[in-house]
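Below: one structure, written as structure tokens.
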Amino acid sequence: MKYPVKRLVGTSSDGKHVGQHCQLSGVAAGGLDSEEMGPYVAYQPFGYKSLIIEIDWSPRVMDETRNVIEFGQYKVPVTSMGSGRPLVFLHGFDGPQEGPFMNALAEDRRVIAPTHPGFAGSPSHPDIHSIHNTVIFYLDLFDELGLPTLYLAGHSLGGMFAAEIAALIPERVRHLVLVSPFAFWSDEAPLPDVLATGGSALSRLLWADPEAEAAAAYQPAPFDRTCNWAAATNYLWPLPDRGLASRMHRIKTPTLLARGSDDRMVGNEYLQACAQLLPAATVAEIAGAGHFSMLERPDRFSQAVAAFLDSYPSSRAGPVARTGPGARREGSR
């Protein structure tokens, strides 16, 4: 993808790069061609030791596209919108989530939302019934989509997938966002058995206000929900624990742990337990939201996620906040 040069902002006589930077793959047609660069890029043309170039990421295409990506034996529905740095969003146990939050996130980046195999009526595969094979499936999908590096977000069950991916390939995940993740089992902060819950009790688990407009508008098709929950049992039954706790130390990527302030499924104690296992985590709460914080408070959700993604340079260098005693905590009020 080519991005136009907006303006030159400075030079460095001592050869040190200034600002956010990384390697360019080349310069062509007055633009810069790279999938790796951040808002500021260091380049060395025309005898300069270091010439800092500011990149204009606009115009950004906001058209939504829906494709079925075919590779190997797989057919994967993928929704994408926006342009720029790629953010892959992995949905939760109740199926793909769409809405204003995706449009807001796509204002500054390319949002890519695949459907997990076996969810929302998509083809299931007998070899994707374990967390290991699911992670390998997503690595193959990222390769097929041409994503050597990416920003990765996951909600609920998708948070488990995203964390497992980041633990296996930390060098490819630039930033990680885990929203009310099902990471592991904690006796001190047990998760409710959502797959055995229905009716008004389920609504109270999912929403801060089950009577609000967002909750009333959320009506998944019965067949799709049946498929989603059947597929989710591979990861959530009998307990939502596939050994991730022993691998979370490998996640070196700056990580945002977010939950709705009124999430009755993933409590604050559980999120803090997750934070203690991550080398570089920031905790945030989305005020007035439940488990589906991106649907119930899309503006607050997208603001919190965008602020986190923009808070670190594109290069992986530099200090990050740690959780635990004296940890950095953010709120979206």
Through the Karplus equation 6.51 cos²θ - 1.76 cosθ + 1.60, θ set to phi - 60°, convert the phi angles of segment 120-127 into ³J(HN,Hα) values in whole Hz; use x for Gly and Pro.
6, x, 6, x, 8, 9, x, 8
By average Cβ neighbour count within 10 Å, what is the ranking of 191-200, 293-302, 230-239 from highest down?
293-302, 230-239, 191-200
Ranked His132, His91, criterion: other C-beta atoms within 10 Å, fewest first
His132, His91
Gly267 long-range amide H proximity, modeled H, under 5 Å
none
Tell me, what are the semi-axes, in whole angstrom and largest first, of the equivalent ellipsoid of segment 245-299 as set by the roots of 5 times the Cα gyration tensor eigenvalues?
23, 12, 8
Relative to the compact-globule estimate 2.2 N^0.38 Å (N residues), the Cα gyration radius of segment 65-332 stands at a ratio of 0.92
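Take His291, His175 and order them by how many other Cβ atoms sit within 10 Å, fewest up front. Don't jump to the answer; show the numbers that get you there.
Details: His291 27, His175 24.
Fewest to most other Cβ atoms nearby, the residues stand as His175, His291.
Return the FRET efficiency for the residue pair Asp127, Ser246: r is the Cβ-Cβ distance, R0 is 25 Å, and the value is rounded to the nearest 0.05. It would help to have the intermediate numbers written out before the result.
Values: r = 24 Å, r/R0 = 0.94.
Once rounded, the FRET efficiency stands at 0.60.
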Counting only residues 5 or more apart in sequence or on a different chain, those whose built amide H sits under 5 Å from that of Ala284 are Leu257, Ala258, Arg259, Glu330
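Which net charge results when you count Lys and Arg as +1 and Asp and Glu as -1 among the other residues whose beta-carbon is under 12 Å from that of Asp187? Can you show the working numbers first?
Values: positive: none; negative: Glu188, Asp241, Glu269.
My count for the surroundings of Asp187 gives -3.
Here, each number is a calculation from the coordinates, and none is a lab measurement. All values derive from a computational prediction rather than experimental measurement. As a convention, Cβ positions derive from the backbone with ideal geometry for all residues, glycine included, and neighbour counts pool all protein chains shown.
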